[in-house]
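Structure first, commentary second.
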Amino acid sequence: MSPSQESVYPEYETDSSQSSKLIRKFKETPFVPIGMAGFAAVVGYGLYRLKHRGEMKMSLHLIHMRVAAQGFVVGAITCGVLYSMFRDYVVKPKE
């Protein structure tokens, strides 16, 4: 980029470290890390319960865990969309 050109996204270029960029993205979309953490929790719980599943077939156990993980992620995405709509249209209405 030549020195005479102005930056298209100046607010994004001021953050130099990866952690500050990550924190900024988490503040913009807070339900993404919640969905990722919930997915990881369901997978961890599924692996833990895999050892103590009793007479349940492996395929049935895996299907239940997949549905639970997908449900958590879809719920987090839905909450995120509702939160962003609330923030955009209710908290700071357009002129």
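Pairing each residue of the range 40-56 that is closer than 15 Å to Ala69 by Cα with any residue that is assigned to a helix (DSSP H, G or I) and aromatic (Phe, Trp, Tyr), provided the two are 6+ apart or on different chains, yields C-beta distances under 7 Å for Val42/Phe72.
If you filter the range 31-73 down to residues that are part of a helix (DSSP H, G or I) and basic (Lys, Arg), you find that the one that is most open to solvent (accessible area, probe 1.4 Å) is Lys51.
The values are calculated or read from the model by the stated rules, or taken from the named source; none is laboratory data. Please read all numbers here as calculations on a predicted model, not as lab measurements. Backbone-built Cβ (ideal geometry, glycine too); neighbour counts: all protein chains shown. We work out accessible area using only protein heavy atoms, side chains counted, and drop any ligands, DNA or RNA first. Shrake-Rupley method; radii C 1.70, N 1.55, O 1.52, S 1.80 Å.
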